[in-house]
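What follows is calculated from the coordinates using simple rules that are stated; it is not laboratory data. From a predicted model like this one, the values you see are computed outputs, not experimental measurements. As a convention, Cβ positions derive from the backbone with ideal geometry for all residues, glycine included, and neighbour counts pool all protein chains shown.
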Amino acid sequence: LAKNIGIAGFGSGITRMQFANTFALLALCPLPSCDTMAKIVLANKHMGAFEGLQQVHVQAAFCCVYDALDHMLPTSYQAKICFNAIFVEHLLCKVSRW
């Protein structure tokens, strides 16, 4: 909708998103899903949200993988594979080879 209203400034970038977000916050339309917002962030790599994610994503992603494995692997398996942060780093190095 915002893309086709013919107002200068609504053709690209995050202005359309901010316009739609304002409508959603006013309960004039549904709030965007996480998936939708992620797609908008990805499509606007030169904007602040993408750059912010780049700065924090590595640490957050590493911790997510570590925590997931720590939660899912039984203690006996963790002992056998010497589970720790070094193990997770080595495991992640193999992902690109799968």
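Once you reduce segment 82-98 and segment 43-68 to the center of their Cα atoms, the two points are 19 Å from each other.
Once R0 is set to 30 Å, what does the formula 1/(1 + (r/R0)^6) return for the Cβ-Cβ distance between ILE81 and HIS46, expressed as a FRET efficiency to the nearest 0.05?
On the way: r = 41 Å, r/R0 = 1.38.
The pair ILE81/HIS46 has a calculated efficiency of 0.15.
Taking the Cα centre of the chain as reference, the dipole from Cβ charges on Lys and Arg (+1) and Asp and Glu (-1) amounts to some 320 debye. Size descriptors for the chain: radius of gyration and Dmax over Cα atoms are 20.3, 63 Å.
Take each of the peptides 44-52, 22-30, average the number of other beta-carbon atoms within 10 Å over its residues, and list them starting from the highest.
Values: 44-52: 12.3, 22-30: 10.8.
Put in order of decreasing packing, that is 44-52, 22-30.
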